[in-house]
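Just so it is clear, none of the values below were taken in a lab; they were calculated from the coordinates. Here the structure is a predicted model, which is why all the values come from computation and not from measurement. No Cβ is skipped: glycine too gets one built from the backbone with ideal geometry, and neighbour counts run over all protein chains shown.
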């Protein structure tokens with residue numbers, strides 16, 4: 001007799017499937033494994049944590065974490081991999097006063113469910129033969145034995161996602177994954193400057209911090225003395241929150257939020273409301289699309305925080321959120337108000353500072369020289385020479401004949417604020433021209449044509465040295481082939497440093513070496529433009545950075561040359577970012593404005 005067909009729609013999933021689904025929520029990528037292992041080590045009282053990442057064939061193959069924490073007994077070593085097993089809480093009431101980083105009891109169980117894990121541990125103060133070795137594959141215990149091992153815990157994770165191919169398929173490039181891991185390590189190290197943290201990738205040290213009671217020491221270790229020297233201390237206690245740490249002067253900024261590190265009760269977190277409050281604290285000191293460099297630690301009564309709103313504990317939810325954000329806003333604002341924010345002058349040279357040059361304009365935000373009502377702005381001698389050099393670079397033939405150009409011939413009338421050129425046509429129309437957008441378009445088309453040229457590079461008389469954070473260095477290494485295609489000759493020059501020997505010919509005689517720094521800083525942004533290749537993005541960045549800047553006062557002759565060059569390009573009506581290069585005011589429009597019709 002055969003069994004009747006199973007007509008049930010609802011069924012209970014088997015434990016293996018349940019574990020894999022849970023693992024997918026907790027372990028999104030290799031960086032998730034690193035985060036969980038390091039947080040466990042911190043909770044175990046470690047004072048030294050060493051993370052080693054191995055890769056081969058463009059993929060991360062192994063993640064190892066060693067700590068000198070309290071270690072585990074043989075029984076706890078097995079129990080630690082059981083779902084929802086934790087030493088951090090014992091009841092629901094404990095969630096209201098939680099101060100540890102882990103508490104769910106899901107991390108090790110989730111990691112073990114989708115990888116092969118080897119654990120070696122010994123309790124602090126234990127006998128020499130009291131070490132334990134546990135090997136787990138896909139959630140199944142393969143080995144449990146005694147072993148000799150130092151005090152603390154060592155965990156090795158290999159073959160990550162071996163039994164969840166869909167998750168494995170959607171991993172990013174090796175450089176991107178290493179950058180994510182570096183970011184996690186940096187955030188945890190900044191939240192715990194009292195712990196020494198090391199990150200090694202294929203035997204190369206990427207991050208190293210030493211135990212220090214001073215957050216500024218850790219900042220200097222991670223990002224260099226030049227960054228730490230340009231920070232402002234913040235220290236303010238209010239009703240619901242105490243805020244301490246450092247924020248950057250307005251002259252030190254980023255195009256994204258990657259250098260905004262926030263911790264709450266020593267937990268490295270992401271909080272959109274807190275981030276917004278910090279940015280609002282700067283007010284008009286930072287223009288749109290510029291973000292400060294921030295290292296802030298918030299101390300809040302744990303009863304006002306819900307850290308259980310995300311499976312991977314990335315986000316937190318705050319009670320009295322409005323009051324807390326207002327306090328953060330006031331702390332940032334007051335720190336800036338009592339500080340002399342006049343930027344220091346810099347000396348041009350062959351060495352380039354970490355990140356971008358202070359005060360350098362972004363690709364989409366255009367600063368301008370202040371207009372003095374009683375003074376006529378005149379071009380300086382140095383400005384004339386620089387602008388002439390830039391215009392010579394874009395006076396090469398393009399194949400477009402001026403007599404067939406869709407741009408009308410224009411007569412220059414003058415310039416407004418060092419930003420806009422005023423011109424008129426034979427028909428009496430007034431044309432308002434954005435000089436930066438125009439020259440950026442001209443340079444972009446020149447760069448695009450030169451990409452296919454055999455003679456692309458010019459050697460620098462003095463090579464340029466660039467220093468980068470570990471995360472940015474990983475991204476630059478991935479982009480080296482693209483940079484080489486465009487004419488850059490860049491060599492790896494030791495720990496997170498690069499040596500620039502040659503640059504594209506289109507940049508001309510490179511008198512301002514920080515131009516290279518600005519180009520690479522733009523290229524390593526976290527959020528690249530959608531549907532745009534790295535090569536295309538690089539062409540746009542080179543064009544923007546090497547073009548005549550808004551705020552540059554041009555001579556009458558230079559303005560004429562720029563408009564003539566505009567008539568020689570294929571697409572003269574917008575810059576590479578889609579902004580218009582010029583606006584027309586017809587005679588009829590102007591008559592209407594003055595009610596002459």
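Some notes on this structure:
- Radius of gyration over Kirkwood radius for region 230-337, both on Cα atoms: the Rg/Rh ratio is 0.95.
- Centre separation in Å (Cα based) which lies between region 234-277 and region 170-233: 16
- Rg(Cα)/(2.2 N^0.38 Å) for region 122-236, N = residue count: 1.43
- Protection proxy ranking for 183-190, 564-571, using the average of other Cβ atoms within 10 Å per residue and placing the highest first: 183-190, 564-571.
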